[in-house]
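Q: Below is one structure. I have some questions about it.
The values are calculated or read from the model by the stated rules, or taken from the named source; none is laboratory data. Everything numeric in this text was worked out from a predicted model, so none of it was measured. Glycine also receives a Cβ, built like all others from the backbone with ideal geometry; neighbour counts cover every protein chain displayed.
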């Protein structure tokens, strides 16, 4: 019996993350692959399938590559609404992981993640990607996701696949 689709995804994601890291991307492969699994539903999302976009990276005005328009849910005035969004399209998973590293390196609020990546510190890397909220709930430091369960969800995936070492 072959490997499950989720196991195959994790193997491929780790390989791509490792290649991106070896090429200079300031990431920790275990966390990056776990994030990719969470963000793309183990590669089953249409964005991952059609665009090799494993992290849900939108295409801002500076993006010069191919794009894909797909609906997404945003919160507006405290209520979820569905809107069309323009997403980055990559030629491969390796490109996606490399760009993910570029995004992290280009935003000053990810400095703690960069420092942790240099030490290959998985937990420090993940913590450095998270936002910081003030007592009033306002965002003090930007982060990859504002979902309060994001850290635990990424860690659960990394733990499930034995990617965290003591």
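Q: Which of the residues belonging to region 110-135 are crowded, with 16+ Cβ neighbours inside 10 Å and in a loop (DSSP other than H, G, I, E, B)?
A: Answer for region 110-135, where residues must be crowded, with 16+ Cβ neighbours inside 10 Å and in a loop (DSSP other than H, G, I, E, B): 121, 130, 131.
Q: Is it the case that residue 19 is free of Cβ contacts under 8 Å to residues at least 40 places away in the same chain, assigned to a helix (DSSP H, G or I) and either surrounded by 12 or more Cβ atoms within 10 Å (Cβ to Cβ) or touching a helix residue (DSSP H, G or I) at 6+ places or on another chain (Cβ under 8 Å) (or both)? Write out each step before concluding.
A: Numbers: free of Cβ contacts under 8 Å to residues at least 40 places away in the same chain: no; assigned to a helix (DSSP H, G or I): yes; either surrounded by 12 or more Cβ atoms within 10 Å (Cβ to Cβ) or touching a helix residue (DSSP H, G or I) at 6+ places or on another chain (Cβ under 8 Å) (or both): yes.
Judged against the criteria, residue 19 is not a match.
Q: OK, next. Looking at (1) in contact with a strand residue (DSSP E or B) (Cβ under 8 Å, 6 or more places away or on another chain); (2) assigned to a loop (DSSP other than H, G, I, E, B), which is the only condition residue 44 fails?
A: (1)
To keep it simple, each residue is scored yes or no on (1) touching a helix residue (DSSP H, G or I) at 6+ places or on another chain (Cβ under 8 Å); (2) in contact (Cβ under 8 Å) with a residue 24 or more places away in the chain; (3) closer than 28 Å to residue 116 by Cβ.
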{"residue": "5", "(1), (2), (3)": "no, yes, no"}
{"residue": "61", "(1), (2), (3)": "no, no, no"}
{"residue": "64", "(1), (2), (3)": "no, no, no"}
{"residue": "89", "(1), (2), (3)": "yes, yes, no"}
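Q: Can you tell me how many residues within region 104-141 are under 23 Å from residue 75 (Cα atoms) and out of contact with any strand residue (DSSP E or B) (no Cβ under 9 Å at 6 or more places or on another chain)? If you could, list the steps in order and put the result at the bottom.
A: Let us first name the residues in region 104-141 that are under 23 Å from residue 75 (Cα atoms), namely 109, 129-141.
Restricting the remaining residues to those that are out of contact with any strand residue (DSSP E or B) (no Cβ under 9 Å at 6 or more places or on another chain) gives 129, 135-138.
Total satisfying the criteria: 5.
Q: Which of the residues spanning region 136-166 are at pLDDT 85 or above, in a loop (DSSP other than H, G, I, E, B) and within 23 Å of residue 111 (Cβ to Cβ)?
A: Those that are at pLDDT 85 or above, in a loop (DSSP other than H, G, I, E, B) and within 23 Å of residue 111 (Cβ to Cβ): 142, 143, 144, 145, 164.
Q: Of these, 86, 98, which one is surrounded by 12 or more Cβ atoms within 10 Å (Cβ to Cβ), under 14 Å from residue 14 (Cα atoms) and at pLDDT 95 or above?
A: Working: 86 fails: under 14 Å from residue 14 (Cα atoms).
One residue alone meets the criteria, 98.
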